[in-house]
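A short worksheet on the structure shown next.
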Ligand code: SF4
């Protein structure tokens, strides 16, 4: 891949329109091109058979289609598939496909590694290697759609994925500009055309970015909270040293929620860390004046990180305590346990030492 060539799949619809105009082509060509790139997920210009040969030849001189390619997959007995994708410069990232009777969800990565340093997370051990480009973010969706179509014998023209959760490797709001372009592409009617109701972005709580995210996008917000007091959160999520829980809750109260929506609070239950009855009482108090629902997620253990999963009975008591306090609370099914399919707790080989070959056990899962 040459850096002199325009990364054409990273352009917003408006950016592509300008690019096509600069090539001296008619405006309708930009729609055709955008559809090839993002509705059909084309990976070569040669596939774009309704573009003239001259235009395709011109495109090859000035642009390139940057995407990700499947490197490895692991299949769980519950239908979850973890894909390891490779970028053009050889970086490895992961996306997790989680089918259920109601929806087909993909957990998407936004960075190679992560700078946030959450103590319970395998990805954190990599540090931040680089941001993913918009084309690499949407490329995961296109590649997973292709895989699901092939595996489930779904027609080529249909988009099998119904929901997207940005809970994979990286902190999405730490790569906000690229995330925003990717969301614009994913929601575009001439692209994959996802509804904003079916896209959720999860953050550890970069407070100033939550405000921008609310002002500049229309998708759903999830907060990876994981503690009910600052002392615990400081210890397991270093971001809390900068923005305390009170700051985060204030940002949530101000978040412009569309009618009928709530903010999802993810709470990974870890034995002896954040799972006491007092935690449940404090958590309910924090959420008293926020339109919220809580997803309790049982931790899948990462060897070497020193955290353990809360047992089922205790998790159920925690859920009951929150529910009784009027907070809608769900225990999320632990998807892909047998393949270590943890969104946000994934790591990969080469960038990483902890990618687990098929059949071995490690790590967790976060469900939408
Ligand atoms: S849990 Fe998410 S934000 Fe925290 S270190 Fe892991 S990938 Fe980054």
Segment 221-259, subset free of Cβ contacts under 8 Å to residues at least 24 places away in the same chain and out of contact with any helix residue (DSSP H, G or I) (no Cβ under 9 Å at 6 or more places or on another chain), residue nearest to residue 198 (Cα to Cα): 259
Can you tell which of 179, 183 is away from the ligand (no atom under 16 Å from the Cβ), buried (at least 21 other Cβ atoms within 10 Å of the Cβ) and within 24 Å of residue 208 (Cβ to Cβ)? 183
Does at least one position in segment 277-291 carry a residue that is within 16 Å of the ligand (Cβ to nearest atom), modelled with pLDDT of 95 or more and surrounded by 15 or more Cβ atoms within 10 Å (Cβ to Cβ)? no
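Taking the condition more than 16 Å from the ligand (Cβ to nearest atom), at pLDDT 95 or above, surrounded by fewer than 15 Cβ atoms within 10 Å (Cβ to Cβ) and over 19 Å from residue 280 (Cα atoms), does residue 254 pass?
Numbers: more than 16 Å from the ligand (Cβ to nearest atom): yes; at pLDDT 95 or above: yes; surrounded by fewer than 15 Cβ atoms within 10 Å (Cβ to Cβ): yes; over 19 Å from residue 280 (Cα atoms): yes.
Criteria met by residue 254.
Can you tell me how many residues in segment 18-34 are under 23 Å from residue 177 (Cα atoms), free of Cβ contacts under 8 Å to residues at least 40 places away in the same chain and either in contact with a strand residue (DSSP E or B) (Cβ under 7 Å, 6 or more places away or on another chain) or surrounded by fewer than 18 Cβ atoms within 10 Å (Cβ to Cβ) (or both)?
Of the residues in segment 18-34, the ones under 23 Å from residue 177 (Cα atoms) are 18-20, 30-31, 33-34.
With free of Cβ contacts under 8 Å to residues at least 40 places away in the same chain added as a condition, the list becomes 18, 20, 30, 33.
Within this subset, residues satisfying the condition of being either in contact with a strand residue (DSSP E or B) (Cβ under 7 Å, 6 or more places away or on another chain) or surrounded by fewer than 18 Cβ atoms within 10 Å (Cβ to Cβ) (or both) are 18.
So the count comes out to 1.
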Checked segment 202-230 for anything within 13 Å of the chain's Cα centre (by Cα) and within 12 Å of the ligand (Cβ to nearest atom); matches are 202, 203, 204, 222, 223, 224
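So which residues in segment 71-90 are over 17 Å from the mean Cα position of the chain (by Cα) and within 26 Å of residue 128 (Cβ to Cβ)?
Pass one, segment 71-90, residues over 17 Å from the mean Cα position of the chain (by Cα): 71-79, 88-90.
Of everything in segment 71-90, those that are over 17 Å from the mean Cα position of the chain (by Cα) and within 26 Å of residue 128 (Cβ to Cβ) turn out to be 71, 72, 73, 74, 88, 89, 90.
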Residue 279 being within 29 Å of residue 127 (Cβ to Cβ) and not in a strand (DSSP E or B): no
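Return the only residue of 326, 304, 359 being at pLDDT 95 or above and in a loop (DSSP other than H, G, I, E, B). Don't jump to the end; show me each part of the working.
Values: 304 fails: at pLDDT 95 or above; 359 fails: at pLDDT 95 or above.
The unique qualifying residue is 326.
Only one of these is modelled with pLDDT under 95, surrounded by fewer than 21 Cβ atoms within 10 Å (Cβ to Cβ) and assigned to a loop (DSSP other than H, G, I, E, B): 260, 272. Name it. Working first, answer last.
Details: 272 fails: modelled with pLDDT under 95.
Exactly one of 260, 272 is modelled with pLDDT under 95, surrounded by fewer than 21 Cβ atoms within 10 Å (Cβ to Cβ) and assigned to a loop (DSSP other than H, G, I, E, B), namely 260.
Out of 58, 53, 26, 31, I need the residue that is in contact with a helix residue (DSSP H, G or I) (Cβ under 9 Å, 6 or more places away or on another chain), over 26 Å from residue 159 (Cα atoms) and not assigned by TED's automatic domain parsing to the domain that holds residue 158. Which one?
On the way: 58 fails: in contact with a helix residue (DSSP H, G or I) (Cβ under 9 Å, 6 or more places away or on another chain); 53 fails: in contact with a helix residue (DSSP H, G or I) (Cβ under 9 Å, 6 or more places away or on another chain); 31 fails: over 26 Å from residue 159 (Cα atoms).
Every option except 26 fails the conditions.
The values are calculated or read from the model by the stated rules, or taken from the named source; none is laboratory data. Since we're looking at a predicted model, the values are computed, not measured. Counting neighbours? That spans all protein chains shown, and the Cβs are built from the backbone with ideal geometry, glycine included.
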